[in-house]
Amino acid sequence: MSETAQSENTGSKPKAQSKYDYSKGPLPLNINMSWCKACNICIALCPQQVFEPDRDGKPIQARAENCTQCTICWVHCPDLAITSNYK
Amino acid sequence: MTTATKPKQKSDVFHQYLRPKKKFPNVWCPGCGIGIVMGAFIRAIDKLGLSKDEVVLVSGIGCSSRFPVYLDFNSLHTTHGRALPFATGVKFSRPDLKVIVITGDGDALAIGGNHFIHACRRNIDITAILINNHIYGMTGGQGSPTTPSEAFSTTTPYGNVEKHFEPCDLAAAAGASYVARGTVYHAVQLEKAITQAIENRGFSLVEAISNCHTYFGRLNRKGDGLAMIQSFKDRAVPVARAGKMSEEELEDKLVIGKLHTTGATEFCDEYQKVIDAHKEK
């Protein structure tokens, strides 16, 4: 019963980052959405265009496979909201 | 590919330096550069390997002076403009501590202008990080000593008539032994400048050019925080290149990097010599 309930839940809500292949490891960055104030700095400064704004203007890793861990986004984040999942 | 690449520096060093009970997100406007200076400062402290007990943060009043509220060091939140005298007292009684003053342009240059030049003159071992956003942000956008000529603020609605201060030139002329300037766009260089300033024995000033898009940007049509931060990229000129440029070319530019150093003797060392010389008598 629990299996069917799970499959229904995952099927009903498509995730924004569903294109990312998680078999390659976790997402490159961890964004603390409760600290983020949607200032757009990371979205604009990212040289690989990893981020896309969601409906609140907060960043989503839409092209996560492009991330090269160049440190620009978390060095320029005024709210200390971005950390790397690869330390 | 992300699987194997590791970043050049750790991204989560700030967690161990934040106060546990402080509520985040922080108090500053979205896109304010003071948060970027805070990140650069934490990484500089982490790179130097200083423990929380040997650092004292002293601040006055203003947007920038909310900075030690979030950081778990020994801290002293003082009256308006008087951060440097309090810091002088702390340093003088405990010369083993690293005393760092976080101050703003109005705090250091208008209300505490006299204290600023005398701290420079004594060359006491204090690191001052002056976050310059060209306006009084917290109190409602009044013109500060660093508001440029002809710029608008709520107290200069027809354009500023006065000339503005250059804090770096002022500190160098008054006798500070390390003077550097950075911007919030150049956060890595700013981190390097803060590291060198803390290592330097003597009065060190790091001027961090920041953005106040809420007042300065809105009244002067400079756009939002992102547009102001990107404008620093176009305006900034490194010291090495600035030497080859004429004065007319440098008119609207920000010269960034290490601007001035001297090998002057430090105040606490000199005072200790006097104590040692007269101890036995």
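The values are calculated or read from the model by the stated rules, or taken from the named source; none is laboratory data. These numbers come from a predicted model, not from an experiment. Because the Cβ atoms are built from the backbone with ideal geometry, glycine has one as well, and the counts that use them run over all protein chains shown. SASA here: full protein model, heavy atoms, side chains in, ligands and nucleic acids out. Shrake-Rupley method; radii C 1.70, N 1.55, O 1.52, S 1.80 Å.
Structural remarks
- Between the amide H of B:V237 and those of B:L254, B:V255, B:I256, distances stay under 5 Å, these residues lying 5 or more places away or on another chain, with hydrogens modeled in the peptide plane.
- Taking 0.36 nm per residue of separation and subtracting the current Cα-Cα distance, fully stretching the chain between B:Y271 and B:D96 would add 61.6 nm.
- Contact surface B-A: accessible area buried, both sides summed, square angstrom, 1.4 angstrom probe: 2800
- Compactness of chain B, expressed as Rg and Dmax over alpha-carbon positions, Å: 19.0, 72
- By a 1.4 Å probe calculation restricted to protein chains, B:D269 has an accessible surface near 60 Å², given to the nearest 10.
- Inter-part distance where the stretch B:75-123 and the stretch B:173-191 are each reduced to a Cα centre, Å: 17
- Remark: chain B carries a charge dipole of roughly 800 debye about the Cα centre, counting +1 on each Lys and Arg Cβ and -1 on each Asp and Glu Cβ.
- Take the Cα of B:H80, step 7 Å toward its Cβ, do the same at B:K279, and the gap between the two points is 4.5 nm.
- Local net charge near A:A64, Cβ-Cβ under 12 Å (Lys/Arg +1, Asp/Glu -1): 0
- Summed residue charge, Cβ within 15 Å of A:P28's Cβ, Lys/Arg positive, Asp/Glu negative: +3
- Equivalent ellipsoid semi-axes, the protein assembly as shown, via Cα gyration tensor eigenvalues times 5, rooted, Å: 40, 25, 19
- Sites B:V69 and B:E162, calculated FRET efficiency, Cβ-Cβ separation with R0 25 Å, nearest 0.05: 0.20
- Gap separating the Cα centres of the stretch B:204-281 and the stretch B:22-41, nearest whole Å: 20
- Remark: relative contact order (the stretch B:175-259) = 34 percent; criterion is Cα-Cα distance under 8 angstrom and separation of 6 or more residues.
- Selection from B:T139, B:P85, A:N85 lying farthest towards where the dipole of the protein assembly as shown points positive, charges on Cβ: A:N85
- Sites A:N32 and B:D234 - FRET efficiency at Förster radius 25 Å, r taken between beta-carbons, to 0.05: 0.20
- Taking all protein chains together, B:L219, A:L27 sort by accessible area into B:L219, A:L27, largest first [probe 1.4 Å].
- Cβ-Cβ FRET estimate between B:T154 and B:F24, R0 fixed at 35 Å, reported to 0.05: 0.75
- Here's the picture: charge each Lys and Arg Cβ at +1 and each Asp and Glu Cβ at -1 in the stretch B:13-277, and of B:V239, B:S204, B:Y215 the one pushed furthest to the positive end of that dipole is B:Y215.
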